[in-house]
Each structure stands twice: as structure tokens, then as C-alpha cells.
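Chemist: Mind looking over this structure? Questions follow.
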């Protein structure tokens, strides 16, 4: 059984079971937030006066942990990253929304997630913050319908999934390691800034929340494990990829079923002719490629059928990218010509053979252009990109 | 009852990160918080005025297909409430109070809580997420727009911090 992550998008557990995982994962999230001190508005606000930077430390440790985990698992092929929902980019509303969220954060002392934790810790201010959040959501909904300028701002941007590894052109696991190392440096800086700011504010008679945790042993353990995690991501994932070049898994497809799929205009079907010469296959939209230089625009989700002169060994395709589903035409171009492009003569006394010949000859006629419908050859199959431009409306936060 | 002290922030961060990683690999999406108010409000509006809600640019997408509350993020926030409550009770921190600096009155603190909440509800709608769904989850999945969002959260907080300092220090 293929247990590759993520599970819910791959249909594991069903709806009820999926919601149960939400309850469990949410409970761990809430418990960790509470234990970090995020049920306390003053501790959160302290981040913005720099004398207790717990918000920054917890947030970036969490980001690094999940990021290294996600990209390392995807680097070794255990996570199908194209099935993980990644926030699409709408730059202008994200910039302004982020700024306003920061303003609301310091004015109220809590953010929406921590307000829930603070609420169940008994804090009355959190209840009022949440009432405000609900009102703000309603206010935005009215504004979106009534103010064309707000609607224009909200919908501006491409809505494409633009990840930093894609934008910077480096592998996710290397970038994850880089971010981890940067976080480590920032943590060391944050510890120093805190000490200084706490001393300065105290001297000025400020009323400080005194709950900062300064357990140095835990600090170094945690920093050490972060370093180890980042090294794991940077070295293990790419090394595993190199030492164990994942062979392309290519299944075989016989000529007639392939012909039927072409006639049925199967979406995302892409057929590549790997032979050096020859234009005699009569396949509409047929592409050319060489076994050693795959086309640059192969996308996950495509079904790529490869045609060589005869049978093709998947081992010959070591440099081809993972992502698309590959199939090789059994028997190659030779079999295609014999079984699809050549009409079949059946013995008249065998009804079954006659029927089969009828089907095959219809297919044969379609490809040879002798059938009326085939006079206008269909357009090349439309390739649906599976990543890069995913637009999926979702609740987001 | 004595209260436990908070965890070391880095250890708390690792646990939080593991919960986030679990969300990615099990559910195929990150964690969130503001989906809860959005969907609850959409559901409430749907009860009072189904036509307006279905036609609303902000809420229509939540009510088109079944119960807006039968959603992974909504149930996840119910989990947050349970986990947060267990954390507070087991640490002896369940206490009815208004958290504030001694330099500010309770009424003023609650007024700013409401104001800040309204701003955040608006901001989390405009930005398609909040600190959890954009900054934390989008940050961990290395989404470009989410990193821009995260930087701006800190920028907004530091820009205004001086003006509201009496509440906190």
C-alpha cells in the first residue's frame, strides 16, 4: 500500500476521520501555544517592546521545524508536495493585510489564534478581542460588496502558488537549511537584545511581564537540535536523491489502448517521439524529444507516453524529472505502425475476430485520416499544469 | 494553586512545528485560526439571509457546498480550544482576569481589545489569513506571499507599538 503523504488529499480516512485528525492536531497546537505563554496578551505584546521575544522564538522554531520536515520529506519522496495546499500569492492584499494585522496585534495584544487560547485560559480581554475579530470579518464582507476599491485591492494579484524555492531557483531542502541557520543566528541576537531591553525598561520604571523563560540548558538543546535539523535537510535529502537516483517508474501501454485514449482526447496526455528520425506515426500533437534531454516543460500530473523505435527501457531515462506519470509504448513505433496504422483483415467466419477487426479498423481509419471525422485532426491534447498556477479558494488562515 | 512556568520557547516551538508538520502531511494543508470566525459568521448570515450570503463576495464561497462549519480548519480551532483549555488547567493558569499593564485602566484595555480585534478581523479577511494561516503555515511551506505578509505583521506591530505602550509596559 502506498502510504505517501499527504493522506487526506489522497483519500485516506474519509471525511469524518479527516475531521478527527483536525481535532487532534488542533489540540496539540492549542496546548503548545498555551505552554509557550501565548494565552497571555502581555507576553505576546512584549515582542514589540523587545524585552521578551518569545513570539519570535516560538514562531521561527515552529516554522523551521515544519519547513525542514516538509521539504526533507518531499526531498526523499515521502511527501507529494503538489498535493499540499500552499498559500497562493496576492501580493498587495497580503502586504496591507499583514501590516493591519500587525497593528491590530499590538493594539489588542493577541492575534486570532492566540485569542482562542487566551479565551479558554479565562481571559476576558481575549473574549472582547474575538468579538472584535468577528465584527471585523463582517465589516470586511460589507466593504467587499460595497466598495469597488476594496474589491479591486482584494482581487489584485495573480493568485499563483509562488514558493520561495521556485522564485529563487534553489531546492527546497537547501533553502530550508539556509532559513534554519539564519533563524539560529537571529535567536542568538534576540537573546542579547532581550537582556538589554529588559534592563533598560526596568530602569525607566516600566511595568514588565516577568515570565520570560531563561533556562539556558533548554535553549542550547533546542538550538543544537535546530542546527542538526538544518544539516539533515541540507545534506540528507539531496544525498539520498543522488545516491539513489529514483528510477522513473514507467508502465507499459499497448498501441490500441493508447490509440483509444488519443481519440478520446484524454486531458494532460502528452506523447513524445524519442526516435531521431521519422514522422510517420500520424499522432496529432506528437512531440519530439531525445532520451538524454527531456523537454523543460514537463509538469507533475501529465501523462507522458514515450515512443522509441522498439521497446524502451526506463533505465535509459535517468535524467528525466520526477513528477509526470510516464508510460512507454510497448513495441515502440514498430508496433504502432503494425497494430494501429495497418488495417486488419479478419477471417469472416469468426464473429469475435470480426468485431475486433472492426474496432481496430475504425481506429486505423481515424489515424490514417480516411474517416470523415478525422479530416480535421483534433487539436493537440491540452496540457493541464498541476502546479504553478493553482487557484483554490480556501479559508486560508 | 501554584502555576507552572512556561516552557522553553524553543521546545514549545518544536512541538508547535511538529503539529504544523502533521497538518501538512496528514491533511495536506497548514494550520489556521481566522477561518473559524469567517465560517461562523458566514454560517450565521446564511441562517438570517441565505440570498445575501450566497451573493456575498466574502461569504458566498463558504456556503455554496454544504455546511460551512464542516471544515478541517473549523474543527482544528475547536481542537485548539480544547488543547488550550487542557494546557491552562494543567498549568494552573485558568483564571478569570483582564490581562494589562498597571498603567492602564480595565475599560481602556477592553476598548483597545475590541478595536484591535476589529482591525484584525478586517486584516485577516483582506490578507486571506492571519498569523497562523499566512505567517506560520505559509512561512513554513515557503510561500512567497506569506513571507511578505509575515514581514508586514512585524512592521505593523513595531510601527504602532510606541503609541499603545501604556497598555503593555
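Chemist: Could you say whether any residue in region A:12-19 is without any contact (Cβ under 8 Å) to a residue 40 or more places away in the chain, closer than 30 Å to residue A:102 by Cβ and at the interface with chain B (Cβ under 7 Å from one of its Cβ atoms)?
Modeler: Looking through region A:12-19, none of the residues is without any contact (Cβ under 8 Å) to a residue 40 or more places away in the chain, closer than 30 Å to residue A:102 by Cβ and at the interface with chain B (Cβ under 7 Å from one of its Cβ atoms).
Chemist: Right, another one. Hand me the list of helices (runs of 4 or more DSSP H) wholly inside region B:86-169 holding 1 or more residues that are more than 22 Å from residue A:209 (Cβ to Cβ) and either touching a residue at least 24 places away in the same chain (Cβ under 8 Å) or out of contact with any strand residue (DSSP E or B) (no Cβ under 9 Å at 6 or more places or on another chain) (or both).
Modeler: Helices (runs of 4 or more DSSP H) meeting the threshold: B:106-126, B:144-161.
Chemist: Suppose the filter is facing another protein chain (nearest Cβ under 7 Å) and buried (at least 24 other Cβ atoms within 10 Å of the Cβ); does residue B:136 pass it? Working first, answer last.
Modeler: Details: facing another protein chain (nearest Cβ under 7 Å): yes; buried (at least 24 other Cβ atoms within 10 Å of the Cβ): yes.
When the stated conditions are applied, residue B:136 passes them.
Chemist: Within region B:101-129, can you find the residues that are facing chain A (nearest Cβ under 7 Å) and either at pLDDT below 95 or under 18 Å from residue B:169 (Cβ atoms) (or both)?
Modeler: B:101, B:102, B:103, B:109, B:112, B:113, B:116
Chemist: Every residue in region A:24-53 that is over 27 Å from residue A:196 (Cβ atoms) and surrounded by fewer than 24 Cβ atoms within 10 Å (Cβ to Cβ), please.
Modeler: Correct list: A:24, A:27, A:28.
Chemist: Quick one: in region B:18-50, which of the residues that are surrounded by fewer than 24 Cβ atoms within 10 Å (Cβ to Cβ) and not in a helix (DSSP H, G or I) is farthest from the other protein chains (Cβ to nearest Cβ)?
Modeler: B:49
Chemist: Only residues that are part of a strand (DSSP E or B) and in contact with a strand residue (DSSP E or B) (Cβ under 7 Å, 6 or more places away or on another chain): list them for region A:255-297, please.
Modeler: A:269, A:270, A:271, A:272, A:273, A:287, A:288
Chemist: Return the only residue of A:97, A:132, A:122 being closer than 20 Å to residue B:160 by Cα, within 7 Å of chain B (Cβ to nearest Cβ) and over 25 Å from the mean Cα position of the chain (by Cα).
Modeler: It is A:132.
Chemist: Continuing with the same structure: Would you confirm whether any residue within region A:156-175 is free of Cβ contacts under 8 Å to residues at least 60 places away in the same chain, surrounded by 15 or more Cβ atoms within 10 Å (Cβ to Cβ), within 11 Å of chain B (Cβ to nearest Cβ) and not in a helix (DSSP H, G or I)?
Modeler: no
Chemist: Counting just the residues of region B:51-73 that are within 8 Å of chain A (Cβ to nearest Cβ) and closer than 22 Å to residue A:8 by Cβ, which one comes out nearest to the chain's Cα centre (by Cα)?
Modeler: The residue in question is B:73.
The values are calculated or read from the model by the stated rules, or taken from the named source; none is laboratory data. Fair warning: this is a prediction, and the values are worked out from it, not measured in the lab. Every residue, glycine as well, gets a Cβ built from its backbone with ideal geometry; the counts of neighbours run over all protein chains shown.
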